[in-house]
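Here the structure comes first, spelled out in structure tokens, and everything after it is commentary.
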Amino acid sequence: MAENSKDNKFWDPEITTASRDKIISIQIENLKKTLKHCYENNNFYKKRIDDAGLNPDKIKDLSDIEKLPFTSKDELRENYPFGLFCTPLSKVVRVHSSSGTTGNPTVVGYTKEDLEIWADALARIMYDVGVREDDIVQVSHGFGMFTGGFGFQYAAERIGALVIPISGGNTERQLKIMTDFKSTVLCCTPSYTLYMAEIAEKIGIDFSKLHLKFGFLGAEPWTEPMRAEIEKKLCMNALNSYGLSEVIGPGVSCECLVKDGLHINEDHFLPEIIDPKTGKTLPHNQQGELVFTSLSKKAFPVIRYRTKDISYLYLDDCSCGKKLIKMAPPMGRTDDMLIIRGVNVFPSQIEEVLMQIKDLEPHYLIVLTRENYLDKIEVWVEVSEKIFHEKLMDLEFFEKSIEDKLYSAIGIHIKVSLKEPRTIARSEGKAQRVWDRREKI
Ligand code: ADP
Ligand code: ZN
């Protein structure tokens with residue numbers, strides 16, 4: 001960013017408010033450079049580009065990319081740890097990795113310049129929302145191999161804000177520091193904010209007396225009713241922030257204060273939506289799987305990387321003034337989709353129904369079991385303290401009424417089991433919403 005634009009409303013106005021034509025021409029230029037860089041520096045990509053008969057110099061249209069095959073998470077794993085790096089290791093200054101709960105983790109690398117790009121892309125998001133150098137940014141994402149902590153740390157420093165790299169966990173300490181240091185910005189998962197709210201209530205901290213303005217919340221799917229709950233409890237603007245380590249980390253896209261869709265930093269990350277079954281590219285407004293091609297990073301570029309995240313793309317005339325394309329909040333991942341008696345269900349659909357019901361707490365767990373070879377789905381959800389202790393309601397009747405609401409929204413019968421307050425495990429990072437007991441039964 002040019003120094004003199006710091007007093008502007010936008011970090012990079014020449015990009016974020018550019019015309020569609022200008023964005024497309026930047027994307028084509030950067031796509032050519034990225035493909036050429038991959039071609040010249042990595043045999044895996046060289047073979048792919050040759051097999052597709054593509055000459056990076058001759059790319060005229062973004063749709064030329066459709067000639068190239070997708071890259072899957074399995075392919076990243078097969079090339080563990082550094083097989084898909086496109087610069088010598090001597091140029092790589094940082095690695096991060098995704099959790100790797102199944103098989104090899106995926107390892108991603110950054111050159112010095114890549115780290116600058118990352119910090120700048122996320123700083124743009126934060127600055128455009130209103131984060132400035134007098135802000136105090138509490139980064140409660142984990143630091144370490146996970147990209148969340150370091151991503152926000154460097155981005156907020158780049159703006160010149162004061163950063164508290166507190167990392168996740170130790171919630172009482174988080175709240176003490178938030179109070180004493182007067183944090184104005186919070187970065188963590190949406191589920192963790194609700195846990196913070198619960199502990200705050202217990203120890204007598206009132207968010208309306210604290211100083212939070214914005215929460216950049218992501219790393220897991222969440223819904224509109226969940227946002228309402230978080231905004232009410234933490235007294236801040238809760239914004240949906242999306243990213244994944246393979247593409248760069250946080251900084252791929254985020255909501256502006258309009259809170260209608262996440263603007264994608266599309267000069268760095270070229271998005272596509274595909275039909276996850278056929279691989280066919282889908283038009284705007286049609287839901288499918290998000291695919292990204294990185295357009296500027298060097299150590300670990302990705303070409304048509306299948307994220308498994310479900311969303312759709314759209315252009316609108318956003319009143320924030322940014323013209324970057326938007327993606328809808330990812331509702332879940334193709335591999336988290338539950339198929340219950342032939343019906344596709346995302347945990348976020350269940351959340352959406354539950355969070356709109358008064359007297360339920362925003363803590364739930366979906367439990368899958370098998371009975372007589374048939375999958376059964378049950379949802380455990382906590383009721384409010386008041387309802388539980390004062391026995392203000394016939395709980396069985398309440399369960400039935402929730403089951404009816406779920407049935408009319410989703411179309412399958414989901415058994416509801418109401419639980420005592422504070423009995424469902426809380427999360428300090430990514431929440432585990434599904435407990436699959438089918439294999440063990
Ligand atoms: P992993 O979860 O595999 O360890 P990452 O930590 O890079 O890898 O997490 C990236 C994934 O987290 C995304 O692919 C997506 O599924 C999920 N995610 C990140 N941000 C959001 C968000 N705002 N909404 C929904 N899902 C998100
Ligand atoms: Zn906007």
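Here are a few things to note about the model shown:
- Proximal charge balance of residue 422 [Cβ under 14 Å; K/R count +1, D/E count -1]: -2
- Within the accessible surface of the chain, defined with a 1.4 Å probe on protein heavy atoms only, the carbon and sulfur portion equals 50 percent.
- Computed over protein heavy atoms with a 1.4 Å probe, the accessible surface of the chain works out to 45 Å² per residue.
- Debye, to nearest 20: dipole size of the stretch 343-436, +1 on Lys, Arg Cβ, -1 on Asp, Glu Cβ: 160
- A dipole drawn for the stretch 13-335 from +1 and -1 charges on Cβ atoms has a positive end, and of 123, 139, 72 the residue lying farthest that way is 72.
- Unpartnered cysteines - no second Cys beta carbon under 4.7 Å - across the chain: 38, 86, 187, 188, 235, 254, 318
- Principal-axis analysis of the Cα atoms of the chain puts helix 20-41 at an angle of about 70° to the longest axis.
- Above-threshold pairs, the threshold being 26 Å between Cα atoms, out of 32/323; 358/391; 91/323; 233/376; 46/430; 9/430: 91/323; 233/376; 46/430; 9/430
- Among 233, 202, 323: highest mean-square fluctuation, GNM of the chain, C-alpha pairs under 10 Å: 202
- Degrees, to the nearest 10: 190-203 long Cα axis against longest axis of the chain: 40
- Here the dipole of the stretch 383-428 is about 100 debye; that uses its Cα centre as origin and unit charges on the Cβ of Lys and Arg (positive) and Asp and Glu (negative).
- About its Cα centre, the chain has a charge dipole of approximately 740 debye under the convention of +1 per Lys or Arg Cβ and -1 per Asp or Glu Cβ, with nothing else charged.
- Helices in the chain, meaning DSSP H runs of at least 4 residues, each add -39500 (n - 2.57). Divided by all residues, the mean residue ellipticity at 222 nm is -9500 deg cm²/dmol.
- Of 223, 271, 162, farthest towards positive along the dipole that unit charges on Lys, Arg, Asp, Glu beta carbons give the chain: 271
- The stretch 84-162 and the stretch 222-246: distance between their alpha carbon centers, rounded to Å: 20
- Bridges between two residues of the chain, per DSSP, are antiparallel at a rate of about 60%.
The values are calculated or read from the model by the stated rules, or taken from the named source; none is laboratory data. Remember, predicted model here, so these are calculated numbers, not experimental data. Heads up, the Cβs are rebuilt from the backbone with ideal geometry, glycines too, and the neighbour counts pull from every protein chain shown. Side chains included, ligands, DNA and RNA excluded: accessible areas come from the protein's heavy atoms. Shrake-Rupley method; radii C 1.70, N 1.55, O 1.52, S 1.80 Å.
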